[in-house]
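A.B. asks: Pasting a structure below so you can have a look.
The values are calculated or read from the model by the stated rules, or taken from the named source; none is laboratory data. Remember, it's a predicted structure, so these values are computed and weren't measured experimentally. Here Cβ is always computed from backbone atoms with ideal geometry, including for glycine, and neighbour counts include all displayed protein chains. Side chains are part of the model used for accessible areas, which takes the heavy atoms of the whole protein and leaves out ligands, DNA and RNA. Shrake-Rupley method; radii C 1.70, N 1.55, O 1.52, S 1.80 Å.
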Amino acid sequence: MPASTSVAVYDPAAGPEPIASAPVSVPARSTVALAIPATVTVPGPRPLLVRVDPDDAIPEANDSDNDVE
């Protein structure tokens, strides 16, 4: 059974709240591609942070692989 959660996009220059998010359903041991429209309001180059399962809806022994810049 697929696990349902969300993926959030954060802009560190804009503050701690996500600038976009989308629901996602992921079967065990698999990958899912998705596009999340986001609006960047603070000018300038910088990495954005993408976080899978930001609300910890999926129990995991290790959450260290849920973030990517």
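A.B. asks: About the Cα centre of the chain, how large is the charge dipole given +1 on each Lys and Arg Cβ and -1 on each Asp and Glu Cβ? Please answer in debye to the nearest 20.
C.D. replies: With only Lys, Arg, Asp and Glu charged at Cβ, the dipole is about 260 debye.
A.B. asks: As a test question: what accessible area, to the nearest 10 Å², does T39 have when a 1.4 Å probe is rolled over all protein chains in place?
C.D. replies: 100 Å²
A.B. asks: Starting from the Cα of D56, move 7 Å in the Cα-to-Cβ direction to define the label point; list residues of segment 1-25 whose amide nitrogen is under 20 Å from there.
C.D. replies: Those under the cut-off are 3-10, 16-18, 24.
A.B. asks: With a probe of 1.4 Å, find how much accessible area the chain has per residue, and write the answer as a whole number in Å².
C.D. replies: 72 Å²
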